[in-house]
1. Can you find, among Leu45, Leu137, Trp88, the residue sitting farthest towards the positive end of the charge dipole of the chain, where Lys and Arg contribute +1 and Asp and Glu -1 at Cβ?
2. Can you bin every Cα-Cα distance in the chain into 10 Å intervals starting at zero and give me the percent of pairs per bin, rounded to whole numbers?
3. Among Lys82/Lys139; Lys117/Lys139; Lys82/Lys112, which pairs are too far apart, with a Cα-Cα distance over 21 Å?
4. Run the numbers on the chain and let me know its relative contact order in percent, using alpha-carbon pairs under 8 Å that are six or more apart.
5. Once you place label points 7 Å from the Cα toward the Cβ at Asn126 and Glu19, how far apart are they in nm?
6. Can you compute the helix-only [θ] at 222 nm over the chain? Use -39500 (n - 2.57) per DSSP H run of at least 4 residues, normalise by all residues, nearest 500 deg cm²/dmol.
7. Roughly to the nearest percent, how much of the accessible area of the chain is carbon and sulfur, given a 1.4 Å probe?
8. Placing unit charges on C-beta atoms (Lys and Arg positive, Asp and Glu negative, everything else neutral), compute the dipole magnitude of the chain about its Cα centre in debye, rounded to 20.
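The values are calculated or read from the model by the stated rules, or taken from the named source; none is laboratory data. The structure displayed is predicted, hence computed values, not measured ones. Here the Cβ positions follow ideal geometry from the backbone for every residue, glycine too, while neighbour counts run over all protein chains shown. Protein only, heavy atoms only, side chains kept; ligands, DNA and RNA dropped before computing areas. Shrake-Rupley method; radii C 1.70, N 1.55, O 1.52, S 1.80 Å.
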Amino acid sequence: MLRSIDNVILLYVNEVREELPLDRINQKAIAIFDIFAAHRTDSLLEKLKNHNIQPLFVPAACTDKLQPLDVAVNYDYKEMLKGEFHEWYSTQVLKSLNDDDDTGIAAQVDLKTSTLKPLHANWVINTHNRMSQRPELIKNGFRKV
């Protein structure tokens, strides 16, 4: 999680501080987190404090209402990832049906973890690459709140 702070939050906060007429060093920022334990570690909270960032924690069952990334980014990310699976699954069903001489037998698709894990890793990479082409999505998510 600390790498995410360095590679995402600090970069974004510093970029906004530079864009706006703010005192870059002393201007406070807010970072919104859910109450996941990894977001509340002493090391993470200390890093935020050292960069003048105040964490705000979204109460349980309010994430969809109060966390901009859940609405702006995570939805699209999950939909793209599901789309990767659906594309693969429909291809597998079609292949199974085409390979099967007996039309009365249901399509067979291998859903074992050993089959899906490497596929899933590629789907995540593909989804990440597609999402990284849309940086405006993240920025717009924070502007709509």
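1. Comparing the listed Cα positions along the dipole, Leu45 ranks first.
2. 9, 28, 29, 16, 10, 6, 2, 0
3. Details: Lys82/Lys139 23 Å; Lys117/Lys139 31 Å; Lys82/Lys112 17 Å.
Result: Lys82/Lys139; Lys117/Lys139 exceed 21 Å.
4. Values: 99 pairs, mean separation 30.9, N = 145.
With pairs under 8 Å counted, the relative contact order is 21 percent.
5. Result: 3.1 nm between the two label points.
6. Working: 6 runs with 77 residues, N = 145.
Per the formula, -17000 deg cm²/dmol.
7. Of all accessible area on the chain, carbon and sulfur atoms account for 57 percent.
8. Details: 18 positive and 20 negative charges, 156 e Å.
The dipole of the chain has a size of about 740 debye.
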